[in-house]
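The values are calculated or read from the model by the stated rules, or taken from the named source; none is laboratory data. Source: prediction; values computed, not measured. Positions of Cβ are backbone-derived with ideal geometry, glycine not excepted, and every protein chain shown enters the neighbour counts. Side chains included, ligands, DNA and RNA excluded: accessible areas come from the protein's heavy atoms. Shrake-Rupley method; radii C 1.70, N 1.55, O 1.52, S 1.80 Å.
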Amino acid sequence: MNLYFLMTALFVAMAGLMAADAALTSFTLIPWFNGLRWLRVHFITLGAITEMVFGLLPAIIAIQVGLPRPKFRWDIWLTLNIGLLTLLVGIPIVNQALIFTGGTLVFIATTLLIVQLYEMKVSRPVAVADNGRSHNGRKFYIVGLSYFLLGIIVGTGLWLGWSSWLRIAVPVEVHIHANNWGFLTMVFAGMIVDMYPVWAKRPLAWPRSITPIFWMLTIGALGLVIGPWVKSNWFSVPGIILFLSATIWLLLNVIKPLWGDKEAWTHPGLWHIVTAYWWILAPVLVAPLIILNVPGFPGVGIEQNAPQALVYGWVLQFGYAFIPYFFYRMFLPNEPAQLGGSWFSLVTVNLGGFFLWASIFLTAYQGILHGTAYVLWTLSIIPIVLSLWQIMRRGLATMDTGEILLEGSSAGN
Ligand code: HEM
């Protein structure tokens with residue numbers, strides 16, 4: 001077992017608590033407090049998902065390229081988690097020294113992980129393997145983590161005044177774009193490329209589309225980062241077009257082989273993965289209306305609130321599917337693992353997204369709609385937290401104590 005899984009379970013539970021808190025503050029039942037907004041988003045992104053990504057990628061690549069299971073890297077785990085905890089203290093109290101220290105440690109952990117993944121050289125020829133599995137995920141992960149480095153620099157500098165000497169026109173947007181269109185989009189795409197043949201028991205529709213999708217997402221994300229950096233649509237518009245077409249192409253790669261296979265769609269996990277992508281496409285689809293400044297269109301409202309639907313609807317929901325899957329692999333390796341999630345979570349997490357977006361357009365009912373969105377998201381997390389708890393409890397009960405602490409991850413096989 002590796003310790004990233006424990007931290008992931010903790011952060012998923014904390015994300016549930018923060019969503020409940022956000023609902024109560026939206027209903028003005030409890031007071032708002034400084035840092036709430038940052039914690040609400042980052043317990044999911046920087047907490048649960050980043051912990052899982054750091055815990056999984058070395059193992060997934062080792063399997064893909066035929067290398068032995070990687071040893072647990074205490075230096076990466078310690079720098080990431082001490083950095084995270086320092087930020088969790090420093091950001092709500094806006095302490096510059098703690099923000100700088102925390103951001104720097106997370107930056108070091110990410111750099112160490114990139115180097116570890118880069119050094120995991122292929123030990124068998126690079127080709128689409130006979131079972132339709134190819135190991136193209138590695139380049140997605142390395143590019144994604146490189147975008148994360150940029151997201152960390154801009155995020156750490158947001159309240160340290162770095163945005164001015166970095167000459168960033170819209171720093172929060174650059175931060176959000178680097179981390180979501182860059183970091184997580186690339187890592188999730190890499191996971192789909194590597195794990196889809198295992199999850200769906202068939203290859204992606206067009207294995208040879210993986211490299212063009214890789215370059216379209218990489219360059220699309222670059223356009224979406226440079227655009228708000230220099231405040232020029234000459235970068236944002238091509239970025240949006242490349243990103244949109246590559247994401248739709250990736251989704252069609254996932255859906256086409258399963259089209260008409262009723263049995264495949266009888267599990268909520270696949271629906272979580274596919275519907276999650278609606279919440280990253282929605283802000284991109286309305287972006288042209290914001291860029292064209294269509295009168296009466298709540299551009300500012302969308303820029304201020306859409307990131308929450310992006311994080312809960314796309315990032316967290318994608319996590320609902322893959323986090324329990326890898327928990328099964330880790331804690332109950334002798335049982336068949338399947339994608340996580342539940343029909344209840346599927347309905348509530350997506351309804352939450354609709355209510356959040358409705359709160360942007362129906363401003364007269366903003367408070368009640370915004371609060372309801374968070375009630376629905378809180379409800380959607382509960383079955384996931386319970387399933388992670390059950391898997392861990394059953395797994396730890398069967399695991400030999402000695403094995404628990406030292407073994408490297410066995411998640412990817
Ligand atoms: C060391 C890592 C990070 C630091 C220091 C950091 C810092 C920040 C700061 C200071 C803000 C502005 C908060 C505000 O103005 O209220 C912010 C906003 C945001 N960050 Fe990060 N962040 C980090 C990692 C991430 C990651 C990994 C993601 C996503 C993948 C992310 C997504 C966001 C989003 C979506 C917002 C906007 C929140 C909102 O508008 O509600 N951040 N971040």
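Out of all the residues in region 211-241, which are of a type in the set (A, V, I, L, M) and more than 20 Å from the chain's Cα centre (by Cα)? Passing the criteria: 226, 230, 237, 241.
A Cβ distance below 9 Å, combined with a sequence gap of six or more or placement on separate chains, defines the contacts here; from region 384-413, residues that are modelled with pLDDT of 50 or more reach residues that are outside any helix (DSSP H, G or I) and surrounded by fewer than 11 Cβ atoms within 10 Å (Cβ to Cβ) in the pairs 398/334. Considering region 129-148, and only residues there that are at pLDDT 95 or above and touching a Gly at 6+ places or on another chain (Cβ under 6 Å), the residue that is most open to solvent (accessible area, probe 1.4 Å) turns out to be 147. Of 317, 390, 308, 304, all but one fail to be in a helix (DSSP H, G or I), of a type outside the set (Ser, Thr, Tyr), within 15 Å of the ligand (Cβ to nearest atom) and surrounded by fewer than 19 Cβ atoms within 10 Å (Cβ to Cβ); the exception is 304. The set of residues from region 214-236 being among the β-branched types (Val, Ile, Thr) and either touching a Phe, Trp or Tyr at 6+ places or on another chain (Cβ under 8 Å) or open to solvent by less than 60 Å² (accessible area, probe 1.4 Å) (or both) comprises 218, 225, 226. With a requirement of 1 or more residues that are open to solvent by 10 Å² or more (accessible area, probe 1.4 Å) and touching a Gly at 6+ places or on another chain (Cβ under 8 Å), the helices (runs of 4 or more DSSP H) lying completely within region 1-105 that satisfy it span 3-26, 50-65, 74-90. Filtering region 166-178 for residues that are closer than 17 Å to residue 279 by Cβ and either among the acidic types (Asp, Glu) or within 16 Å of the ligand (Cβ to nearest atom) (or both) leaves a non-empty set.
The residues of region 278-289 that are modelled with pLDDT under 90 and either crowded, with 18+ Cβ neighbours inside 10 Å or within 20 Å of residue 45 (Cβ to Cβ) (or both), listed by number, are 281, 282, 283, 284, 286, 287. Residue count for region 240-257 satisfying the condition of being open to solvent by less than 30 Å² (accessible area, probe 1.4 Å) and of a type in the set (S, T, N, Q): 2. Can you find a residue that is surrounded by fewer than 16 Cβ atoms within 10 Å (Cβ to Cβ) and at pLDDT below 90 anywhere in region 340-350? No, there is no match, as no residue in region 340-350 is surrounded by fewer than 16 Cβ atoms within 10 Å (Cβ to Cβ) and at pLDDT below 90. Hey, can you tell me all the residues within region 149-194 that are open to solvent by less than 20 Å² (accessible area, probe 1.4 Å), among the β-branched types (Val, Ile, Thr) and under 16 Å from the mean Cα position of the chain (by Cα)? Selection gives 152, 185, 187, 192, 193.
Residue 325 meets the conditions (1) part of a helix (DSSP H, G or I); (2) closer than 30 Å to residue 397 by Cα; (3) open to solvent by 30 Å² or more (accessible area, probe 1.4 Å) in every case but one. The failed one is (3). Considering the conditions (1) more than 19 Å from residue 47 (Cα to Cα); (2) within 16 Å of the ligand (Cβ to nearest atom); (3) open to solvent by 20 Å² or more (accessible area, probe 1.4 Å), residue 359 is excluded by exactly one of them, (3).
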